[in-house]
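The values are calculated or read from the model by the stated rules, or taken from the named source; none is laboratory data. Here the structure is a predicted model, which is why all the values come from computation and not from measurement. Ideal geometry is used to build each Cβ from the backbone, glycine not excepted, and the neighbour counts take in all protein chains shown.
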Amino acid sequence: MAVNEPIRDRRRQALIKATIAVIAKHGASGTTVERVARKAGVSVGLMNFHFDSKERLFRETFRHLSEEYEEVWQRNLRAAGTDSRSRLERMIESNFDKRIFTREKLAVWFTFWSDAQLRDRYRAAAARVERRYIAAIEKEVAALLAPGSRKAATVVQPLMAMIDGFWLQALLYPRGFMREDAIQLCLTFIDEHIGHARPRLPRNNTTASLSASA
């Protein structure tokens, strides 16, 4: 009997979730099919039915994280309305959204980035997601720049470096890291470089929704 598609999808998502937890704990080299199956509470046979190799499991896990990241920032951007400052704020906040900004997921992202083999294997997919985000955020920065001011890329490039640095801080020092402080510092940086800084708009408790611990 064929496996019902919704059930199949739920099982695959459960296995990917287990893979994230195992990579976060054991690293890439320590992640085995057996450990993932044990974490997910399934047999190795069922594990192999859904993912016939560790390579495919890693590929699907990375694709899941990339698609999740893109879905979150695009959804937040759609909810921001047409004001460029509000849209920019939502895009920055998206990097610290509790759906993607967790200790386990940060650990997996850094595992993919730091492992030479994994980085080379998945760099193209990661670059495509990053390019779309950067293009979108540069568009909003450009709309806020004073006439004759610098190009948006000269603001966004150091901003992205700040965000990467905050991700690393959150991974290394989770107890002392405050996501709302990181968001505020990123927005302050933007306001100092767009040529006409202005007060932040009312938040409607948006920051509070982001303040759950990673």
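Looking only at segment 79-95, how many residues end up being of a type in the set (A, V, I, L, M, F, W, C) and either in contact with a Ser or Thr (Cβ under 9 Å, 6 or more places away or on another chain) or surrounded by fewer than 17 Cβ atoms within 10 Å (Cβ to Cβ) (or both)?
2
Filter segment 20-32 for residues that are buried (at least 16 other Cβ atoms within 10 Å of the Cβ) and without any contact (Cβ under 8 Å) to a residue 60 or more places away in the chain; which is farthest from V108 (Cα to Cα)?
Ranking the qualifying residues of segment 20-32, first place goes to T31.
Can you list the helices (runs of 4 or more DSSP H) lying wholly within segment 1-110 that have 1 or more residues being at pLDDT 90 or above and of a type in the set (G, A, S)?
5-26, 33-40, 54-78, 84-94
If I ask for residues that are under 10 Å from the mean Cα position of the chain (by Cα) and without any contact (Cβ under 8 Å) to a residue 12 or more places away in the chain, which ones from segment 50-66 would you list?
none
Cβ-Cβ under 8 Å, sequence separation 6+ or interchain: first residue in segment 123-142 and of a type outside the set (S, T, Y), partner not in a helix (DSSP H, G or I). Which pairs?
Once the first residue is of a type outside the set (S, T, Y) and sits in segment 123-142, its partners that are not in a helix (DSSP H, G or I) give E138/A152; K139/A152; V141/A152; V141/I194; A142/K151; A142/A152.
Going by the conditions given, is G41 surrounded by fewer than 16 Cβ atoms within 10 Å (Cβ to Cβ), more than 19 Å from the chain's Cα centre (by Cα) and of a type in the set (G, A, S)?
So G41 passes the test.
Run I137 past the list (1) within 26 Å of T188 (Cβ to Cβ); (2) within 20 Å of the chain's Cα centre (by Cα); (3) surrounded by fewer than 15 Cβ atoms within 10 Å (Cβ to Cβ) and report the number of the one that doesn't hold.
Single failed check for I137: (3).
Report yes if some residue within segment 108-124 is of a type in the set (G, A, S) and surrounded by 17 or more Cβ atoms within 10 Å (Cβ to Cβ); otherwise report no.
Within segment 108-124, not a single residue is of a type in the set (G, A, S) and surrounded by 17 or more Cβ atoms within 10 Å (Cβ to Cβ).
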